[in-house]
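What follows is a short report on a single structure.
The values are calculated or read from the model by the stated rules, or taken from the named source; none is laboratory data. Model, not experiment: these values are computed from the prediction. Positions of Cβ are backbone-derived with ideal geometry, glycine not excepted, and every protein chain shown enters the neighbour counts. To get the accessible areas, we keep the full protein, side chains included, count just its heavy atoms, and leave off ligands, DNA and RNA. Shrake-Rupley method; radii C 1.70, N 1.55, O 1.52, S 1.80 Å.
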Amino acid sequence: MSDGSVRPVGEQLRILVVGDSRRIETALNALTTAFDAGELVREHTVSDALERLADADAGINSVVHCVVCEFGSDCTSLDDSQLRTLEQRTEVPIIIVTDGADIAAIDRALEVGATDVVNPGDSRALVATRVRNAARQFQLTVGRRASESDDRRSRAVLEQSDALVFVLAADGSITYASPAVESHLGYTASELERTSLKRIVHPDDRERTAEIVTAVSTEPLGSSERAVVRLGDGAHSWRRVELTCVNRLADPELAGIVVTATPTPGATDDTALERGEEPAASKFESGPEQATDTATAIDEHDRRALLESAIDALDDGIAVLEDDVIRLVNGTLVDLTESQTLVGADLEALFDADLAATIRERAQSPVVRWMEPVRGTLQTDGDTIPVDVVVTPLPGEDDWTLCLIRDRRQSPAAALETVGQTVSVLRQAESRPQIYRAVTDAIRACVASELAVWYRLESATLSAAAVARADDQPPAELPPIDREQVNTSRLACESPTAFDGAALESLLEQAGIRAERVLVVPIDERGVVLATSSDPMAFEALDLGPPTALADAAAVALDRLEATTTARDCRRTREHLETSLARERAVRDVERALLEAATRVDVETTLCEGLVSLAGEDGANGSSSDAADDRRTPVAGIDLAWVGRVATGSETISPRTWAGTDGAFLESLTGQVDPRADSPAGRTAATRDSTVIDDLEAVVRDQREPPPPLESALEAGMQSMVSIPIDNGDFQYGTLTAYATQPAAFDDSVRSTCEHLAQVAGYAIGALERKQALLADSVAELEIVVRDDTEPLSAIARGLDSRIDVRSVVPRSGGGSTVYCTVLEPTPDTLRAVADDLEAVAAVRFVGDGPDDGQPTPVEFTITDSTVAETLAEYGGVLRSITPAKSQSRLVIDLSSTVDVRAFVRTIDRAHSGTELLARRERDRSTPSARAFDTELRDRLSERQLRTLEAAYYGGFFDWPRASTGEDVAESLGISQPTFSRHLRVAQRKLFELLFDEPADEQ
């Protein structure tokens, strides 16, 4: 694939790199990536470079389009004097390589004569692009000068030749006459210009001359007519010439009819001379018989000239054969074969062997005129051209055969065949590049252009999607074009349209294309194909049907491909959703099983079995989808899963239960709980972060002494693994470790599923432990110190300077909680002062009749912030009292004996820093039957119903007379009075059902 270098089509750039320095080597490496090897020339010294440039100017070496050298003081660099000399001796652009930080050197180089400056530290693409642009600009300038020089040379040749050449307007007036008219006819060119050709034509030939001028002016561009007429000079002498008139009216360079006057054979001044006032009659002075012979000779000559003109004007080639030898060819065949030595050659020199044999056979067939043209190839210098040949024996000539050769590349049949083949390709195309390439190649073939380019129009940049060139042209890759820097108005045509190259000059220059004519073929709104030609008259008489059909077929193919792609994407999305839905259903089933488990062992077993079963669910779902789509990504499965617990006191972790295959090695598996442990499960237990190993084999191979847990897993066929903590808040219950026999099986999706199920298992184990705590016969009474000044209940105790006995803490629906407690002999003023001082206290009121001397008084605090009581309740603790003690508070807590006290204290410390355990006392529950009743009641009541019942009870709603109304209790809970009434009624009904459930069951 090309490096994307820009060069004018059909011509190679030549870059001269001078020097041996490090900077020059860096610049040369950058140019090597962007230019072909033949485009870079290296000279090591300045003198050698100057000598090569001199040879290039003299035509000894190839033209140099750009010089790249270093500007400095060492021997391989140009100094000021050398750079100035080089700039004066050549017009080649000079690119200086120097350090971008040396501003003074850059300014001096540009002042002396450098074209541009590049920094070797810049990107390779930038260095190559700047050199390429300078070389291409110089190449274009040289090309324009050469073209102008060729025009001047051609005009000079014409001015110095002895040929009589005229250029006529459509009405026959002379717009140009060659200088030779003065020596032949005695008129100067200026005398004849702006006059009619009839002025110098014999009166008897004027009507005929006017007819051929009119006829050729109405015919297509390039058509010609010939006639023999007499031209007169200023001395009234007449000479016979053959006029060849060629229609070039549509040629912008000529805009006229080119007339060439060639003296006829044997027509000397003496034989062509006629004088007198009636010159038309003088030709019959020799008598009637002689006049008849002369007229017959003139008619025969004219007939032959007309026949030759007609044969040469044919668009098809003509070859006349005598046996196997070519005796006559027309100009079209000569141009087609690019050979001047066809006459006298054998048949095989013109056609391939099979075609030559068929021509011989048909030349002898009496029904050859009824046969279809024979198809084969025409031989040219180093190439072949597909042709159709019509073979016709000449009547009355046994050994003479006429062959009409038609170039199939330009024939309507060939264009139709190309369109048909392209449509077949487009019907099977599976990608946009295939469509771009097929249509671009077909358009170039149908219009016989030198180059065809498909440009995409979807973005602000015109990028070449496909490039097609003539078979004899080197490959090219065209650069992207910024649409804002070129005129693209000509590209907005609705049908194929031909333009002069000047109309698209800016676009062609940016693309590095030289063209005189451009055919623009729009492809719907998706793109445009530009077909270019160096022929100024190209695409004039072109049949636009084939390119139009190809453009329509391309639009349909792109629509079909887009629809197919959309359908395929929808199918993949549907299959992905079906797979995800199946996995989610399986995950939900495992979740339900975890939450319904009766014991911790059941939870751990269900977790392992559920993870292993997920792969089966995904596989089942995949098998039910479209099996024909083999591009579907298979779901990696979990082959083995185990749950480990940390052994109390030993700080080791080992498997307690597992599910899957090849788990025998787990029986002896034990790992240390340490952040740097070899066992992934041990590290996870210590850090409480997931550990993933995507390639077990690589990890084991890269370690001198592989960890036994990893080595055992690898020996069992496992290739990847993940270890995930099982916890609930700050309570850790172990680790979940899963293995797979495929590498990198635990991607984000699979790992997220494992972590989610491990979290659900942690919640389930925590719920089971809390339930077990409620049913336990003993309770641990903890006494802890909290040094959190911001904790609301501690602040209230310090403000009252009295112990607070907490009766109940009811969470509020809008956040915060309502605390029912008793305080010894509080005063209303003290309560209000505490409430006013603490922002977290929204309201405070007495519950009941108010303070009673010597007795604890029930008080209700409405608190907007979270309290330590809520934190304790979340992890199974019940706050009994708070006693202020200087800058700290002493809390008495009831905690089930089954709860890990150390973990519990660590959890409280994270929420309220400075927490410290002072004492722990064990005691039996006083009313086990009441605890069983309480547990059953809590199971039946919802959280809101339990809150409502507690708030009503402790708020004095059931007292007589009532200490609080329903509105008071509802306001303390942050809910409406109807909502309070509804929750209270439901809670009372469930309470009464529990009290009288035996009669209800019997009924």
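When you check Ala128 against the structure, is it within 45 Å of the chain's Cα centre (by Cα) and surrounded by fewer than 21 Cβ atoms within 10 Å (Cβ to Cβ), yes or no?
No; evaluated as a whole, the condition is false for this residue.
Listed here are the residues, each with its yes/no results for (1) within 58 Å of the chain's Cα centre (by Cα); (2) more than 30 Å from Gln977 (Cβ to Cβ); (3) of a type in the set (Asp, Glu).
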position	(1), (2), (3)
Ile765	yes, yes, no
Ala780	no, yes, no
Arg798	no, yes, no
Asp805	no, no, yes
Ser808	no, no, no
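Out of Thr691, Thr670, Thr657, report the one residue that is under 42 Å from the mean Cα position of the chain (by Cα) and either surrounded by 15 or more Cβ atoms within 10 Å (Cβ to Cβ) or not aliphatic (A, V, I, L, M) (or both).
Thr691
Looking only at segment 60-75, filter to residues that are among the hydrophobic types (A, V, I, L, M, F, W, C) and assigned to a strand (DSSP E or B); which one of those is modelled with the lowest pLDDT? Before you say what the answer is, go through the steps one by one.
Initial filter on segment 60-75 (among the hydrophobic types (A, V, I, L, M, F, W, C)): 60, 63-64, 66-69, 71, 75.
Subset that is assigned to a strand (DSSP E or B): 66-69, 71.
Working: Cys66: 91, Val67: 92, Val68: 92, Cys69: 89, Phe71: 81.
Among residues in segment 60-75 that are among the hydrophobic types (A, V, I, L, M, F, W, C) and assigned to a strand (DSSP E or B), the one modelled with the lowest pLDDT is Phe71.
In segment 188-201, which residues are in contact (Cβ under 8 Å) with a residue 24 or more places away in the chain and either touching a Ser or Thr at 6+ places or on another chain (Cβ under 9 Å) or open to solvent by 50 Å² or more (accessible area, probe 1.4 Å) (or both)?
Within segment 188-201, Ser196, Leu197, Lys198, Val201 meet the criteria.
Scan segment 576-594 residue by residue and report those that are modelled with pLDDT of 90 or more, charged (D, E, K, R) and buried (at least 17 other Cβ atoms within 10 Å of the Cβ).
Answer for segment 576-594, where residues must be modelled with pLDDT of 90 or more, charged (D, E, K, R) and buried (at least 17 other Cβ atoms within 10 Å of the Cβ): just Glu591.
Out of Thr979, Thr965, Thr948, report the one residue that is more than 23 Å from Gln772 (Cβ to Cβ), open to solvent by less than 20 Å² (accessible area, probe 1.4 Å) and outside the structural domain of Asp894 (by the TED database).
Result: Thr948 is the single residue among Thr979, Thr965, Thr948 that is more than 23 Å from Gln772 (Cβ to Cβ), open to solvent by less than 20 Å² (accessible area, probe 1.4 Å) and outside the structural domain of Asp894 (by the TED database).
Is it true that Ala531 is in contact with an Asp or Glu (Cβ under 9 Å, 6 or more places away or on another chain), surrounded by 21 or more Cβ atoms within 10 Å (Cβ to Cβ) and in contact (Cβ under 8 Å) with a residue 60 or more places away in the chain? I'd like the intermediate steps shown before the answer.
Values: in contact with an Asp or Glu (Cβ under 9 Å, 6 or more places away or on another chain): yes; surrounded by 21 or more Cβ atoms within 10 Å (Cβ to Cβ): yes; in contact (Cβ under 8 Å) with a residue 60 or more places away in the chain: yes.
When the stated conditions are applied, Ala531 passes them.
Among Ala460, Ala502, which is open to solvent by 40 Å² or more (accessible area, probe 1.4 Å), farther than 30 Å from Pro386 by Cβ and free of Cβ contacts under 8 Å to residues at least 12 places away in the same chain?
The conditions single out Ala502.
Which one of Ala764, Ala713 is surrounded by 21 or more Cβ atoms within 10 Å (Cβ to Cβ), over 23 Å from Ser668 (Cβ atoms) and touching a residue at least 12 places away in the same chain (Cβ under 8 Å)?
Checking each option against the conditions leaves just Ala764.
Mind checking whether some residue in segment 107-120 is surrounded by 18 or more Cβ atoms within 10 Å (Cβ to Cβ), more than 37 Å from the chain's Cα centre (by Cα) and without any contact (Cβ under 8 Å) to a residue 24 or more places away in the chain?
Within segment 107-120, none of the residues are surrounded by 18 or more Cβ atoms within 10 Å (Cβ to Cβ), more than 37 Å from the chain's Cα centre (by Cα) and without any contact (Cβ under 8 Å) to a residue 24 or more places away in the chain.
Identify the single condition in (1) more than 44 Å from the chain's Cα centre (by Cα); (2) within 29 Å of Arg583 (Cα to Cα) that Ala713 does not satisfy, given that it satisfies every other one.
In the conditions (1) more than 44 Å from the chain's Cα centre (by Cα); (2) within 29 Å of Arg583 (Cα to Cα), Ala713 misses (1) alone.
One residue is enough: does segment 609-629 have a residue meeting the conditions over 17 Å from Asp727 (Cβ atoms), at pLDDT 85 or above, open to solvent by 20 Å² or more (accessible area, probe 1.4 Å) and of a type in the set (Val, Ile, Thr)?
yes
Among what's in segment 40-59 and is of a type in the set (A, V, I, L, M) and not in a helix (DSSP H, G or I), pick the residue that is modelled with the lowest pLDDT.
For segment 40-59, the residue satisfying everything is Ala58.
Output the number of the condition that Ser808 fails; it satisfies all remaining conditions of (1) touching a residue at least 60 places away in the same chain (Cβ under 8 Å); (2) open to solvent by 20 Å² or more (accessible area, probe 1.4 Å); (3) not basic (Lys, Arg).
All conditions are met except number (2).
Please indicate, with yes or no, whether at least one residue in segment 203-224 is under 30 Å from Gly501 (Cβ atoms), among the β-branched types (Val, Ile, Thr) and in contact (Cβ under 8 Å) with a residue 40 or more places away in the chain.
yes
Report yes if Thr141 is under 26 Å from Glu509 (Cα atoms), of a type in the set (S, T, N, Q) and assigned to a helix (DSSP H, G or I), otherwise no.
Working: under 26 Å from Glu509 (Cα atoms): yes; of a type in the set (S, T, N, Q): yes; assigned to a helix (DSSP H, G or I): yes.
When the stated conditions are applied, Thr141 passes them.
Return a yes/no flag: does segment 441-458 have any residue that is within 18 Å of Ala498 (Cβ to Cβ), over 23 Å from the mean Cα position of the chain (by Cα) and among the polar types (S, T, N, Q).
Looking for residues that are within 18 Å of Ala498 (Cβ to Cβ), over 23 Å from the mean Cα position of the chain (by Cα) and among the polar types (S, T, N, Q), one finds at least one in segment 441-458, hence yes.
Need at least 2 residues that are among the small types (Gly, Ala, Ser) and touching a Ser or Thr at 6+ places or on another chain (Cβ under 6 Å) per element, so show me which strands (runs of 3 or more DSSP E) inside segment 453-565 make the cut, counting only ones lying wholly within it. I'd like the intermediate steps shown before the answer.
On the way: elements: 461-469, 497-500, 517-523, 527-533.
Of the strands (runs of 3 or more DSSP E) lying wholly inside segment 453-565, those with at least 2 residues that are among the small types (Gly, Ala, Ser) and touching a Ser or Thr at 6+ places or on another chain (Cβ under 6 Å) span 461-469, 527-533.
If we keep just the residues of segment 154-172 that are open to solvent by 30 Å² or more (accessible area, probe 1.4 Å) and not in a helix (DSSP H, G or I), which is modelled with the lowest pLDDT?
Our first condition is that a residue be open to solvent by 30 Å² or more (accessible area, probe 1.4 Å); within segment 154-172, this holds for 154-163, 170-171.
This time we only want the ones that are not in a helix (DSSP H, G or I), so: 161-163, 170-171.
Details: Ser161: 65, Asp162: 68, Ala163: 74, Ala170: 86, Asp171: 85.
Checked segment 154-172; the qualifying residue modelled with the lowest pLDDT is Ser161.
Yes or no, residue by residue, for (1) charged (D, E, K, R); (2) in contact (Cβ under 8 Å) with a residue 12 or more places away in the chain; (3) in a loop (DSSP other than H, G, I, E, B):
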{"residue": "Arg798", "(1), (2), (3)": "yes, yes, no"}
{"residue": "Ser802", "(1), (2), (3)": "no, yes, yes"}
{"residue": "Val819", "(1), (2), (3)": "no, yes, no"}
{"residue": "Ala833", "(1), (2), (3)": "no, yes, no"}
{"residue": "Ala842", "(1), (2), (3)": "no, yes, no"}
{"residue": "Phe861", "(1), (2), (3)": "no, yes, no"}
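Pairs only if they're at least six apart or on different chains, beta carbon under 8 angstrom, first in segment 584-608 and closer than 11 Å to Leu768 by Cα, second acidic (Asp, Glu); list them, first residue then second.
Qualifying pairs under 8 Å: Arg600/Glu769.
If you go through segment 925-939 one residue at a time, do you hit one that is loosely packed, with under 15 Cβ neighbours inside 10 Å and either touching a His at 6+ places or on another chain (Cβ under 9 Å) or at pLDDT 85 or above (or both)?
Checked segment 925-939: no residue is loosely packed, with under 15 Cβ neighbours inside 10 Å and either touching a His at 6+ places or on another chain (Cβ under 9 Å) or at pLDDT 85 or above (or both).
Out of the residues in segment 887-908 that are closer than 13 Å to Leu782 by Cβ and small (Gly, Ala, Ser), state the one that is surrounded by the fewest Cβ atoms within 10 Å (Cβ to Cβ).
Ala903
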